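Inspection log for the structure reproduced underneath, given as structure tokens.
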Amino acid sequence: QVQVVESGGGSVQPGGSLRLSCETSGIVFSDHYVGWYRQAPGKQRDVVATISSWSNTWYDDSVKGRFTISRDDAKNTGYLQMTNLEPEDTAVYYCKVGRSGREYWGQGAQVTVSS
């Protein structure tokens, strides 16, 4: 059975940091890309960052220079390191793990940035 479990969300002050984890099982993780998406109340779900199976990365302009996406194939886990967090980063963050013809979503992790 495929499982995608997110962890690491929470509440921080502006300028703070969080690291989200996306741990998988039931798939050959090294053959899958990882994407992080976020959705704020009343907004669409937007892609934040992606990393391919060969570790090519892409970032949305809104997080470039502040967020870092990475993967550890030995642990079957993807990560999103978030620094210099801003109130505008407040959202539910979802990880997506996929390959050609298949996608798997995590359950979502709440990130709240407020003073």
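Rolling a 1.4 Å probe across the protein heavy atoms gives the stretch 51-115 an accessible surface of 54 Å² per residue.
Between amide H atoms placed 1.01 Å from N, distances below 5 Å from residue 16 occur with 85, all of them 5 or more places distant or on a separate chain. Between residue 73 and residue 60, the simple spin-label model (points 7 angstrom out along Cα→Cβ) gives 2.8 nm. Here the chain exposes an accessible surface that is 44 percent carbon and sulfur, computed with a 1.4 Å probe and the other protein chains kept in place.
Straight Cα distances below 23 angstrom link residue 43 to the lysines 64, 96, with same-chain residues fewer than 8 positions distant left out. Each peptide among 37-49, 18-30 gets the average number of other Cβ atoms lying within 10 Å of its residues, and from highest to lowest they stand as 18-30, 37-49. Within the shell defined by Cβ-Cβ distances under 10 Å, the residues around residue 22 carry a net charge of 0, with Lys and Arg each +1 and Asp and Glu each -1. Among the protein heavy atoms, those of residue 58 account for about 110 Å² of accessible surface (1.4 Å probe, every chain in place).
Each Lys and Arg adds +1 at its Cβ and each Asp and Glu adds -1 at its Cβ; summed about the Cα centre, the chain shows a dipole of about 100 debye.
Extension gain, residue 25 to residue 53, is 8.5 nm, computed as 0.36 nm per intervening residue step minus the present C-alpha separation.
What the Cβ-Cβ distance of residue 112 and residue 5 gives, at R0 = 22 Å and to the nearest 0.05, is a FRET efficiency of 0.65.
The values are calculated or read from the model by the stated rules, or taken from the named source; none is laboratory data. In this text the structure is predicted, and so the values were computed from the model without any measurement. We place every Cβ from the backbone using ideal geometry, glycine too, and count neighbours over all the protein chains shown. With ligands, DNA and RNA removed, areas are computed over all heavy atoms of the protein, side chains included. Shrake-Rupley method; radii C 1.70, N 1.55, O 1.52, S 1.80 Å.
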